[in-house]
Amino acid sequence: MANARLDLDTDQLAQNYEEINKIYQFQSGKMLVDKLGDLTGLRILDLGCGTGTLTIHFAKLVGPTGSVSGTEPLAKRVALGNETIAAENKKRKDESKHELHVSLAVGTAENAVGMFPAGSFDIICMNSVFHWVQDQAAALAGIRKLLNESGRLAICGSSKEHYHPQSEKNRVLAGERYREHVPGGIARLSTRSTLHSLLQDANLLSRTIDLVPYEVTFPNYDKLMEFEMASTFGNFLDFRFLPENLRKPAELEVIEAYRALDKGAGIPMTVTLLMTIAKKF
Ligand SMILES: C[S@@+](CC[C@H](N)C(=O)[O-])C[C@H]1O[C@@H](n2cnc3c(N)ncnc32)[C@H](O)[C@@H]1O
């Protein structure tokens, strides 16, 4: 499997993500958060927090007695998120509201264990992130150490076995010309059973892994492509993992497949999300 590159992000992609996550990842993230119950006073870590939209949502829910940390490998998204937090806190100060206890730092899910003391968190969240983590077993082992004794891990992401925003691209890359060069693509999506096994191997108990349908409509091809590029931090049309002679044809075929979805009346998509809350045991 090829790894997603972390050096393709740009200021524009980060800015686009800040806008477009509000119709997709932020919505699924809020559905996941709802499963966690009352968060007042809790200490939360949001791994792969992007530009921090969900992290800030967490900070509002934990209130003045809780605290939230976000980590994210892309420095541009961390900077943007910290700017949003500063602006939000300035506004809250002007309105005599308590400041949000939240900050974002650069880091990966795999190295988070070296960034915080053991047992620091009540909840660790990965929303639309787990499939980007290259060493998922190492990340889960670190997460277990970072959780306190009753700590919980919340994960949400596309189900590998169902339709998701990258399905059309995967269909193209499964074609005869490409498939021997891209076994598995660049995203390590889980099925219910692979996620269950990974969690079990890490001594994290998940009673249920829910399959949750989510409907989203992208206004047109341009917005859908903006979403794909921003959500994959520039990897969506990067085909450097293919031999040189196949890169352009793959790009053109993928673009054509996504253009074909735009029939002039919005692009509705029903995706299936895997949502789970796991506990330390
Ligand atoms: C689709 S975004 C989700 C962002 C955020 N969690 C949200 O709900 O909006 C995926 C994020 O995963 C991050 N990511 C990629 N590899 C990662 C890793 N190894 N550890 C943690 N995050 C990673 C990306 O940089 C990107 O910001």
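The values are calculated or read from the model by the stated rules, or taken from the named source; none is laboratory data. Nothing here was measured: the structure is a model prediction, and the numbers come from that model. Counting neighbours? That spans all protein chains shown, and the Cβs are built from the backbone with ideal geometry, glycine included.
Could you tell me which of the residues A250, A257 is of a type in the set (G, A, S) and either farther than 27 Å from V129 by Cα or surrounded by 18 or more Cβ atoms within 10 Å (Cβ to Cβ) (or both)?
A250
So how many residues does the stretch 180-193 have that are modelled with pLDDT of 95 or more and surrounded by 14 or more Cβ atoms within 10 Å (Cβ to Cβ)?
Residues meeting the conditions: 4.
Check F121 against each of (1) within 26 Å of L195 (Cα to Cα); (2) buried (at least 20 other Cβ atoms within 10 Å of the Cβ); (3) within 13 Å of the ligand (Cβ to nearest atom) and name the one condition it does not meet.
(3)
Spot the failing condition for Y221; the list is (1) away from the ligand (no atom under 16 Å from the Cβ); (2) within 24 Å of P73 (Cα to Cα); (3) among the aromatic types (F, W, Y), and only one is missed.
Only one criterion is unmet by Y221, namely (2).
Quick check: anything in the stretch 120-129 farther than 18 Å from C156 by Cβ, in contact with a helix residue (DSSP H, G or I) (Cβ under 9 Å, 6 or more places away or on another chain), free of Cβ contacts under 8 Å to residues at least 40 places away in the same chain and not charged (D, E, K, R)?
no
For the stretch 124-158, what are the residues that are of a type in the set (S, T, N, Q), in a strand (DSSP E or B) and surrounded by 21 or more Cβ atoms within 10 Å (Cβ to Cβ)?
If the condition is that a residue be of a type in the set (S, T, N, Q), in a strand (DSSP E or B) and surrounded by 21 or more Cβ atoms within 10 Å (Cβ to Cβ), then N127, S158 are the ones that fit.
Within the stretch 60-79, how many residues are away from the ligand (no atom under 11 Å from the Cβ) and under 18 Å from the mean Cα position of the chain (by Cα)?
If we filter the stretch 60-79 for residues that are away from the ligand (no atom under 11 Å from the Cβ), which is where we start, we get 60-69, 79.
Now drop any that are not under 18 Å from the mean Cα position of the chain (by Cα), which leaves 68-69, 79.
Matching residues across the stretch 60-79 total 3.
Confirm whether R177 is of a type in the set (K, R), within 14 Å of the ligand (Cβ to nearest atom), surrounded by 14 or more Cβ atoms within 10 Å (Cβ to Cβ) and closer than 30 Å to L242 by Cβ.
Answer is no for this residue.
Quick one: would you say H196 is assigned to a helix (DSSP H, G or I) and touching a Leu at 6+ places or on another chain (Cβ under 6 Å)?
On the way: assigned to a helix (DSSP H, G or I): yes; touching a Leu at 6+ places or on another chain (Cβ under 6 Å): no.
It is false that H196 is assigned to a helix (DSSP H, G or I) and touching a Leu at 6+ places or on another chain (Cβ under 6 Å).
Name the residues in the stretch 11-44 that are closer than 22 Å to A86 by Cβ and away from the ligand (no atom under 11 Å from the Cβ), would you?
D11, Q12, Q15, N16, E19, R43, I44
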